[in-house]
Each structure stands twice: as structure tokens, then as C-alpha cells.
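One structure below.
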Amino acid sequence: MQRLYVVDNRDHKIKVFALTGEPVLEFGGNGIGDGQFNYPIGIAIDRRNGNVVVVDSQNFRVQILDKEGKISEKVRNGRGRGRHIRHA
């Protein structure tokens, strides 16, 4: 099934819809934990595996989740000390 992914930065969630407009799934929520967001602003879908890449602006990281919203890994800015990758 083809899906439409929407970043809802006011609700701090990723919302997933069928192409008919029917809601399929939503994940995230406001917070600092894995799989939570603080004003997500961008999204990309990895066509190879369906992973969802989310720019989590106010947590200063990029989170990579599977297509069901479970955390796979995250990349932090390191607060000036370089990039850190942590596999979940």
C-alpha cells in the first residue's frame, strides 16, 4: 500500500495516510526520548527499506525509524563536537 507521510510539527508527530486520505498510523509525540520529537520539520522515506528519516529540529537530531515508527538510529549534532551515531 502506498502511503502519504505528513510532519505535524505542532503536534510533534508523524501522521501516515493512505492515498485515499484515510489515516493509517501516527507516531511520535512531544519529548526528548527515542521516537519522540520537538518540532519535527522534515521527513524523507528510504525507498530501499521504508525507513522514515525525521529532522527533529529542537532536539537537534535526525531520527531514523522503521515504517511502523520504531526507532532504528539517531544522529545528533554533538553540540559542536562532531556527529554522533547511535544504533538502537
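The values are calculated or read from the model by the stated rules, or taken from the named source; none is laboratory data. This one's a predicted model, so the numbers in the text were calculated from it and none came from an experiment. Here the Cβ is made from the backbone with ideal geometry for all residues, glycine too, and neighbour counts use every protein chain on show.
Could you look through region 38-48, keep only residues that are part of a loop (DSSP other than H, G, I, E, B) and touching a residue at least 24 places away in the same chain (Cβ under 8 Å), and pick out the one that is farthest from VAL7 (Cα to Cα)?
ASN38
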Can you give me the number of residues within region 1-37 that are assigned to a loop (DSSP other than H, G, I, E, B) and of a type outside the set (Lys, Arg)?
16
Can you name the condition, by its number, that ASP34 falls short on among (1) more than 15 Å from MET1 (Cβ to Cβ); (2) at pLDDT 95 or above?
(2)
Give the number of residues within region 1-49 that are among the hydroxyl-bearing types (Ser, Thr, Tyr), farther than 17 Å from PHE60 by Cα and either surrounded by 12 or more Cβ atoms within 10 Å (Cβ to Cβ) or within 10 Å of the chain's Cα centre (by Cα) (or both).
1
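Test ASP8 against the stated conditions and say whether it is touching a strand residue (DSSP E or B) at 6+ places or on another chain (Cβ under 8 Å), modelled with pLDDT under 95 and not β-branched (Val, Ile, Thr).
no
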If the Cβ limit is 8 Å and pairs must be 6+ apart or interchain, which residue in region 49-61 that is acidic (Asp, Glu) pairs with which residue that is outside any strand (DSSP E or B) and modelled with pLDDT of 95 or more?
ASP56/ASN38; ASP56/TYR39
Pick out the one residue from LYS67, LYS74 that is outside any strand (DSSP E or B), modelled with pLDDT under 95 and charged (D, E, K, R).
LYS67
Members of region 49-64 found to be in a loop (DSSP other than H, G, I, E, B) and within 15 Å of ARG10 (Cα to Cα), listed by number
none
